[in-house]
């Protein structure tokens, strides 16, 4: 038997564990996590807090007993203080104060990421919170029930910040959304798209504050105000959504790291130590758009990396195919999806970039239910390779982005999309599909 220990039991760790337990009977699997639960779908926190779903129970898709039934040993509410990579020993501390040591043959690090905490005065005041764990969502949800919690500052207008701003507004609170960038969602979309989201946020009562940096939190015991480079704003609650850093505490002094501190892994998820693998938000990933290793923290990437690591640890060679960073968001009925790089990101990474835009209705004009659609395809001016795509609409256009994800992976050119066989039926789309028209209009 080969003993494999997995530290961390959320999406990446769960995928690795299931892969080993379902396919490799010679594996003795032990899972260790400091949390009291596992498998929480954090992307559903805003839906639950905003009362768009009835409860949080179904945001957990598996439980401890499921793994025990497959033969795994699982320790919850157990922290790991140290890993001795030379002797292959893991030093653990359980919630009841007991300490013990586990020895491994193979180790999978699935320790995820940690929220970025602003290093500013007042950061330790009460009623300043992050949204990472299930317990964080519970705390914020209970605070929003209080009548005296009226003004909420959300720091960071990325995906999590925008989503929780919507959720808090749906609870009939006053929301101030801050970001140092000049627009929301700037890491994923070009300005022509984020302008639509910003208008949408303002239309629904979100007080947006772009080009503003939080410099201080004021208050006696609880936070009472946010001070930025442009002013001071009274608040009752602050939700920090600045971003995340890879949780590399256990291996940062031993394993090779990426520039942001993530564990550097190969296409088998193997670290610089052949006995140690890293998956999910604590590890690097290969971008097919960039054509190089990078860091993209997404739950979908975490699951795929866990599967790859599980098979390689189990003895089946499986190469990761790379990712495109495909993502989506839906706020007050406005749907936006993207994959690969925006024009802004492509230029930042040194590409000679071109793009093609097209706007039309989703269906023919005679259809009663219809919606406007905007699409942008980003491509390399030198070799014509598709680098990215963005779409937005009040209609559900989300499935279309998967085609562009595959196009990036397979190095499809913009010219190959021009006469792509796309079906037509008035119930779904136009005879001159917006994807076709955008490609045909490419320079």
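The values are calculated or read from the model by the stated rules, or taken from the named source; none is laboratory data. The model shown is predicted, which means the values in this text are computed figures rather than measured ones. Cβ coordinates were reconstructed from backbone atoms using ideal geometry, including for glycine residues, and neighbour counts include every protein chain displayed.
Just a few scattered comments:
- Qualifying residue in the stretch 37-49 (condition: part of a strand (DSSP E or B) and crowded, with 19+ Cβ neighbours inside 10 Å): yes
- Only residues that are in a loop (DSSP other than H, G, I, E, B), modelled with pLDDT of 95 or more and either in contact with a strand residue (DSSP E or B) (Cβ under 9 Å, 6 or more places away or on another chain) or within 30 Å of residue 155 (Cβ to Cβ) (or both) were counted in the stretch 243-265, giving 16.
- From 141, 179, residue being farther than 20 Å from residue 243 by Cβ, buried (at least 17 other Cβ atoms within 10 Å of the Cβ), touching a helix residue (DSSP H, G or I) at 6+ places or on another chain (Cβ under 8 Å) and not assigned by TED's automatic domain parsing to the domain that holds residue 387: 141
- Long-range neighbours under 9 Å by Cβ, at least six apart or interchain, first residue in the same structural domain as residue 84 (by TED's automatic domain parsing) and at pLDDT below 95 within the stretch 1-30, second surrounded by 19 or more Cβ atoms within 10 Å (Cβ to Cβ) and in a loop (DSSP other than H, G, I, E, B): 9/33; 9/38; 9/110; 10/33; 10/38; 10/110; 10/112
- Filtered residue count, the stretch 74-122, keeping only those that are over 24 Å from the mean Cα position of the chain (by Cα), within 30 Å of residue 232 (Cα to Cα) and modelled with pLDDT under 95: 0
- Failed item, numbered, when residue 300 is tested on (1) outside any strand (DSSP E or B); (2) touching a helix residue (DSSP H, G or I) at 6+ places or on another chain (Cβ under 6 Å): (2)
- Residue list for the stretch 144-160, filter: touching a residue at least 24 places away in the same chain (Cβ under 8 Å) and surrounded by fewer than 24 Cβ atoms within 10 Å (Cβ to Cβ): 144, 148, 149, 150, 151, 158, 159
- Test: residue in the stretch 407-420 that is closer than 20 Å to residue 334 by Cα and surrounded by 14 or more Cβ atoms within 10 Å (Cβ to Cβ): no
- Any hit, the stretch 184-192, residues being closer than 30 Å to residue 354 by Cβ, modelled with pLDDT of 95 or more and assigned to a helix (DSSP H, G or I): yes
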